[in-house]
Amino acid sequence: MTVDRHRSAVYAAEDQLGRLLARGGTVDFYGSALTLPVERRFADIASVTRYVDSVLALASVRARWPQVAPVRVRERSGLARAHYEPSSAARSAVIAIPLAGPVETRWAARETVVLHEVAHHLVAQDPATEPWHGPTFCGVLLSLIGTAIGPEAALALRAAFDGAGIPVSESTVGVPS
């Protein structure tokens with residue numbers, strides 16, 4: 001695995017998108033009006049699990065990764081961060097999401113955070129030597145956001161990636177099913 005030099009920039013770009021999606025509505029996007037939805041938020045692990053399962057069941061995801069392995073979702077202790085644990089011979093893959101504290105302060109119980117972890121899961125299906133937040137990951141994340149949230153959200157994230165100089169490999173997860 002190579003050095004993950006764009007990790008912080010990827011997180012910063014996602015945070016920028018998260019701020020836009022927190023309020024939704026129309027924003028000025030380089031002189032054009034761009035209408036963004038309000039980001040989905042999750043109340044518990046069961047709702048995150050249902051969402052992850054629905055994303056993995058999308059026809060477009062299944063077309064690209066026909067043998068995609070299931071992923072378990074669990075609560076992570078503390079408030080620090082969400083993470084992805086690849087599968088091993090002893091256990092299946094896991095997405096861990098912190099849910100401590102009041103619902104309105106659960107930063108990780110958001111759609112973009114969950115899609116970030118799903119992108120890690122999908123990229124892990126295709127063994128590569130790229131860093132965790134490399135061009136392939138960024139391409140899959142953009143495609144998932146475009147499919148699950150909408151093309152406007154993907155455009156906003158793509159602009160943030162471009163502005164930060166983050167390389168992206170084009171990915172074709174597909175269109176909403």
Problem set entry | Spin-label model distance (nm) - SER77 vs TRP132, 7 Å beyond Cα toward Cβ | 2.0 nm
For this session: Scan the chain and hand back the longest stretch that contains none of the trypsin sites (Lys or Arg not before Pro) lying in DSSP loops with at most 13 other Cβ atoms within 10 Å.
Result: 92-177
Seminar exercise, completed: Fewest-first ordering of ILE145, ILE45, ILE95, ILE166 by Cβ atoms within 10 Å yields ILE45, ILE166, ILE95, ILE145
For this session: Report the relative contact order of the chain, percent, no decimals, based on alpha-carbon pairs under 8 angstrom and at least 6 residues apart.
Result: 26 percent
Problem set entry | Sum of -39500 (n - 2.57) over DSSP H runs of 4+, divided by residues of the chain (222 nm, nearest 500) | -13500 deg cm²/dmol
Exercise. Put +1 on the Cβ of each Lys and Arg and -1 on the Cβ of each Asp and Glu in the chain; which of TRP132, PRO86, LEU122 then has its Cα farthest toward the positive end of the dipole?
Worked result: PRO86
Exercise. Among THR2, THR129, THR112, which comes first, second and so on when ranked by fewest other beta-carbon atoms within 10 Å?
Worked result: THR129, THR2, THR112
Exercise. So for the pair SER8, ALA63, with labels modelled 7 Å out along Cα→Cβ, what separation do we get in nm?
Worked result: 3.9 nm
For this session: Mind putting a number on the dipole of the stretch 7-163 about its Cα centre? Charges go on the C-beta only, +1 for Lys and Arg and -1 for Asp and Glu, and I need it in Debye to the nearest 20.
Result: 320 debye
For this session: Sum up the charges of everything whose Cβ sits under 14 Å from the Cβ of GLU85, counting Lys and Arg as +1 and Asp and Glu as -1, but leave GLU85 out.
Result: +3
Problem set entry | Evaluated at q = 0.20 Å⁻¹: base-10 log I(q)/I(0), Debye formula over Cα of the chain | -1.57
Problem set entry | Of all DSSP beta bridges in the chain, antiparallel share, percent nearest 5 | 60 percent
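Readers should treat all values here as calculations from the given coordinates under stated rules, not as data from a laboratory. The model shown is predicted, which means the values in this text are computed figures rather than measured ones. Cβ sites come from the backbone with ideal geometry, for glycine too, and all protein chains shown count toward neighbours.
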